[in-house]
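Read through the structure below, which is laid out as structure tokens, and then see the notes.
The values are calculated or read from the model by the stated rules, or taken from the named source; none is laboratory data. Quick caveat, the model's predicted, so the values are computed rather than measured. Positions of Cβ are backbone-derived with ideal geometry, glycine not excepted, and every protein chain shown enters the neighbour counts. Please note that ligands, DNA and RNA were not included when accessible areas were found on the heavy atoms of the full protein model with its side chains. Shrake-Rupley method; radii C 1.70, N 1.55, O 1.52, S 1.80 Å.
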Amino acid sequence: MSYTITLIPGDGIGPEITAAMRRVVDATGVKIEWETVEAGADVIEKFGTPLPESVLESIRRNKVAIKGPITTPIGSGFRSVNVALRKELNLYACLRPTFTIPGVKTRFSDIDLVIVRENTEDLYAGIERMVDDDTAESVKLITRGASKRVAKFAFEYARTEGRGKVTAVTKANIMKFSDGLFLEATRAVAADYSAIEYEERLIDNMCMQLVMKPELYDVIVTENLYGDILSDLCAGLVGGLGVAPGANIGDGVAVFEPVHGSAPKYAGLNKVNPTAQILSAQLMLKYLGETDAANMLLKATRAVIAAGTTVTYDLGGSAGTAEMADAIIDQFE
Ligand code: NAD
């Protein structure tokens, strides 16, 4: 079986980590034709937009894409390409596994949880305006349909992955309408999955719980903004953004990407950790049904991190991005 996959290298550290990832994936033996397309600030001059239609067309045609991070200007400038991509392709569920990897320095040893983040609405819907010169307004849009859809995804994921518990996270005590609706929709879905334990937490309490006893959590389903923040918090629990992979999944289409951003200050230095990008590819291989290659890749990455001799600065080593990828490839049988 061979695949054509859309590859968006991104900007900042994106090109170097996606190049490393591509070499590692090719070395697994899975036959992939990479269709490379560009998005982000650098293409605005050529296409008049940071997200050219040709990028969306490529992903729609190939059904699977993997991307590096893309910079979003802060406060002003164009809207996030990453958010636009998720909305345009209706990639409604963002899947972010968090697990401890032996060899990565953290205070925890047994974290194995997955964040399922609603990916298309909430405060990320982009409905905001200046009411007058001194007043700004952002609309928090929550619909029953999108809430049910992501809750169903979370429970189905729990069922197929043999996970026992789903925790819904909101601030429904304060935002009774929007978060209240998300919770109501999630409860309705939970009722169809009696074999899976269901519980609820408020976002503030959840932050404390995750820092104090993360091992208690399994699958977490939440809204867009809370999911964004919890993802970085969880990455911090298991060793930082350098090891946190992710996937954006819709009906029949998926875009894989690390949790981290473009880390511009490290761009072009061959310094950052390629693991988050490589493990995003591992999720992609699993999604494609290439289970053996996915398992081999995970095992090899774990082995390199456990050995600790060829790892990047964030894991306490001095290896470069490319060298760490080479070490992972060397582990393949
Ligand atoms: P960031 O994730 O880019 O970096 C924050 C810090 O995390 C870095 O300075 C570095 O210390 C560490 N880090 C990140 N990736 C690492 C890696 N692979 N290895 C080792 N350390 C790593 O966050 P930021 O600085 O807040 O954002 C930079 C830009 O990225 C912004 O424009 C933001 O909008 C964008 N961004 C894009 C995406 C995406 O493409 N999906 C996601 C998040 C942020």
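Side notes on the structure shown:
- Length gained on full extension, residue 232 to residue 144, computed as 0.36 nm times the residue gap minus the Cα-Cα distance: 29.0 nm.
- Cross-link pairs exceeding 26 Å between alpha carbons, from the set 31/299; 271/299; 46/67; 87/286; 31/67; 87/299: 87/299.
- In this label model, residue 107 and residue 306 are separated by 2.6 nm, measuring between points 7 Å along each Cα→Cβ vector.
- If only the Cβ of Lys and Arg carry +1 and only the Cβ of Asp and Glu carry -1, the dipole of the chain around its Cα centre is close to 480 debye.
- Close Lys pairs in region 107-237 (alpha-carbon distance under 27 Å; sequence gap of 8 or more, or different chains): 14.
- Dipole size of region 40-105 about its Cα centre, with +1 on Lys/Arg Cβ and -1 on Asp/Glu Cβ: approximately 320 debye, rounded to the nearest 20.
- Shape of region 107-237, Cα gyration tensor, a/c cut at 1.5: oblate
- For the pair residue 184 and residue 1, the difference between a 0.36 nm per residue extended length and the Cα-Cα distance amounts to 61.6 nm.
- Within the same chain, lysines fewer than 8 places from residue 265 are excluded, and of the rest, none has a Cα less than 18 Å from its Cα.
- In percent, rounded to a whole number, the relative contact order of the chain is 22, using alpha-carbon pairs under 8 Å and six or more apart.
- For residue 187, the solvent-accessible surface with a 1.4 Å probe is about 120 Å², rounded to the nearest 10.
- For region 229-322, carbon and sulfur atoms together expose 55% of the accessible surface, with a 1.4 angstrom probe and every protein chain in place.
- Excluding ligands, DNA and RNA, the accessible surface per residue across the chain is 44 Å² with a 1.4 Å probe.
- Fully extending the segment from residue 49 to residue 135 would add 28.1 nm, taking 0.36 nm per residue of separation and subtracting the current Cα-Cα distance.
- Other residues whose C-beta falls under 13 angstrom from the C-beta of residue 41 contribute a net charge of -2, scoring Lys and Arg +1 and Asp and Glu -1.
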